[in-house]
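> Sharing a structure with you now.
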Amino acid sequence: MKDNLVTVIGGGPAGLFCAGQIARRSPDTQVVLLEKMKAPGRKLLITGAGECNLTNSAPIEEFVTAYGGNGRFLKHALYSFPPEKLLQFFSDRGLTFYTDPNGKYFPETGRAQGILRALTDFCDEGGVSVHTSEAVHSVERNDNFFTISTDKQNYTTRHVVLATGGKSYPATGSSGDGYLIAESLGHLIIQPTEALSPLIISGFPFKNCAGVSFKDIVLSVKKSGSRLKAKEKGDLLITHNGLSGPAALHLSRVIEKEDVVSIDLLPMRMQNEDETLQKIDSLIRRNPQKMVKHCLSELVDGTRFFQVLLKELNIPPEQTGQSMSIKNQKKLSHSLHNLEFEVSEKGSYDSAMVTAGGINLREIESRNFESKLVKNLYCIGETIDIDGNSGGYNLQAAFSTAFCAAQAIVKKIGEHPKPD
Ligand SMILES: Cc1cc2nc3c(=O)[nH]c(=O)nc-3n(C[C@H](O)[C@H](O)[C@H](O)COP(=O)(O)OP(=O)(O)OC[C@H]3O[C@@H](n4cnc5c(N)ncnc54)[C@H](O)[C@@H]3O)c2cc1C
């Protein structure tokens with residue numbers, strides 16, 4: 001049985017940053033970090049396709065809206081440790097950054113590896129004792145300490161930081177263990193579900209158009225036959241079995257099997273079906289002898305996509321524009337604003353970038369991420385019921401929550417005697 005003051009479970013960005021902060025600010029404290037994989041930060045290495053989209057240049061007020069309905073919970077953490085401080089932390093360690101046109105920050109090296117190295121160096125400098133290949137199986141609360149059991153040994157500790165991540169990409173080590181640990185300590189887990197996940201549509205008619213993308217479409221989602229659930233404006237990507245790209249990925253947190261998604265392909269160019277109908281009419285008048293597939297192709301960006309759309313609507317693509325019936329013109333105009341698909345399923349945790357759901361926020365203090373149920377237990381990063389849009393919002397949440405928990409623990413440590 002080993003005795004220490006602080007144990008961080010999980011060596012992702014949240015766990016590493018939290019452990020490093022505590023060790024640096026409280027140098028006499030023995031901080032142990034337990035990581036089940038052979039090396040920490042496996043998921044961090046694949047972020048942003050290996051380039052690591054660390055954070056975003058959006059103002060904090062806008063940031064908060066990038067986490068769906070739960071974003072307000074993060075407000076204090078984001079103001080306490082905003083993107084500028086995160087970037088400063090890494091630039092103090094020699095990294096430089098650039099922003100892309102969407103405000104996403106990436107390291108100039110184009111490699112997530114540098115971010116991970118800065119974090120592991122930070123832990124080493126502070127003397128954090130990092131134990132890899134050591135999975136935590138259980139955490140028990142006894143009087144004023146915790147007993148942690150791993151597959152190697154047991155530890156007693158005064159403060160536990162749960163930083164085990166969500167369930168997505170389980171091969172990186174994040175497979176939902178933290179939910180079971182939190183549940184065993186009395187916490188309610190909001191049903192985890194895949195988020196930032198592609199949408200799968202069975203019998204997808206546009207499968208041969210995989211790779212075609214649309215800028216600034218509007219994607220809406222509703223339960224079959226019922227009212228609107230959510231709406232998102234953004235770019236869309238056609239895949240071999242459904243929809244991806246930011247608009248689809250961002251909506252995936254609220255989408256369930258059998259929901260219906262509706263795409264407005266022209267919101268920026270034509271306001272409504274009537275306007276589009278007029279445009280169809282004027283294009284036909286301009287070239288009455290041209291085939292429909294040619295004279296109307298400028299309505300949408302992908303020619304291939306347009307041809308499949310005509311086929312789906314039973315509109316003969318090779319008839320001349322002047323012989324296209326008004327009924328078919330209306331059908332086309334309607335579909336360009338309301339192209340509907342039933343979602344068969346979402347991409348599994350193997351392809352979902354984050355997990356929606358997790359430890360119930362009502363049971364966590366938003367100022368320092370301490371459990372309201374179990375004193376000296378802190379829950380940070382993706383373990384809690386927070387998931388962000390793509391754009392660097394998830395990593396920023398991991399670092400900001402880690403910072404607040406570390407600050408609170410450092411403040412408390414003075415109040416406790418060191419273990420013998
Ligand atoms: C493909 C992909 C690309 C992404 N790209 C971006 C991006 O560019 N920008 C962005 O902001 N976000 C991105 N994300 C999301 C981001 O990676 C996560 O939100 C972030 O890593 C969460 O950090 P975390 O520290 O909370 O958890 P994790 O990074 O999941 O780390 C949790 C750690 O805990 C360990 N662990 C789990 N259970 C145990 C246990 N029982 N005992 C000991 N250790 C345990 C795991 O092995 C893991 O190392 C991406 C995600 C994926 C999958």
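The values are calculated or read from the model by the stated rules, or taken from the named source; none is laboratory data. Because the structure is predicted, anything quoted here is derived from the model rather than measured. Note that each Cβ is placed from the backbone with ideal geometry, even for glycine, and that neighbours are counted across all protein chains shown.
> So how many residues does the stretch 18-54 have that are part of a strand (DSSP E or B) and near the ligand (Cβ under 7 Å from one of its atoms)?
1
> Of the conditions (1) within 11 Å of the ligand (Cβ to nearest atom); (2) farther than 25 Å from SER390 by Cα; (3) free of Cβ contacts under 8 Å to residues at least 24 places away in the same chain, ASP92 clears all except one; give me its number.
(1)
> With respect to GLY94, is the statement that it is in the same structural domain as LEU395 (by TED's automatic domain parsing) and in contact with a helix residue (DSSP H, G or I) (Cβ under 7 Å, 6 or more places away or on another chain) true?
Here the answer is no, as GLY94 does not meet what is asked.
> Continuing with the same structure: Scan ALA397, ALA408 and give me the residue that is out of contact with any Ser or Thr (no Cβ under 9 Å at 6 or more places or on another chain) and either outside any helix (DSSP H, G or I) or buried (at least 23 other Cβ atoms within 10 Å of the Cβ) (or both).
Sole residue among the options that is out of contact with any Ser or Thr (no Cβ under 9 Å at 6 or more places or on another chain) and either outside any helix (DSSP H, G or I) or buried (at least 23 other Cβ atoms within 10 Å of the Cβ) (or both): ALA397.
> For the stretch 55-74, give me each residue that is within 13 Å of the ligand (Cβ to nearest atom) and closer than 19 Å to PRO101 by Cα.
THR55, ASN56, ALA58, PHE63, ALA66
> Please specify each residue of the stretch 246-268 satisfying the condition of being closer than 14 Å to ALA195 by Cα and surrounded by fewer than 21 Cβ atoms within 10 Å (Cβ to Cβ).
PRO246, VAL254, GLU256, LYS257
> Anything in the stretch 349-379 that is assigned to a strand (DSSP E or B) and in contact with a Cys (Cβ under 9 Å, 6 or more places away or on another chain)? List them, or say none.
The answer is GLY358, ILE359, ILE364, GLU370, SER371, TYR378.
> Here's a follow-up. Kindly indicate the residue of the stretch 341-372 that is within 17 Å of the chain's Cα centre (by Cα) and of a type in the set (Ser, Thr, Tyr) and also surrounded by the most Cβ atoms within 10 Å (Cβ to Cβ) among those meeting that condition.
Filtering the stretch 341-372 for residues that are within 17 Å of the chain's Cα centre (by Cα) and of a type in the set (Ser, Thr, Tyr), the one surrounded by the most Cβ atoms within 10 Å (Cβ to Cβ) comes out as THR355.
> Another question, then. Looking at the stretch 67-101, which of the residues that are exposed (fewer than 14 other Cβ atoms within 10 Å of the Cβ) and within 20 Å of THR355 (Cα to Cα) is modelled with the lowest pLDDT?
Taking the candidates together, the pick is GLY69.
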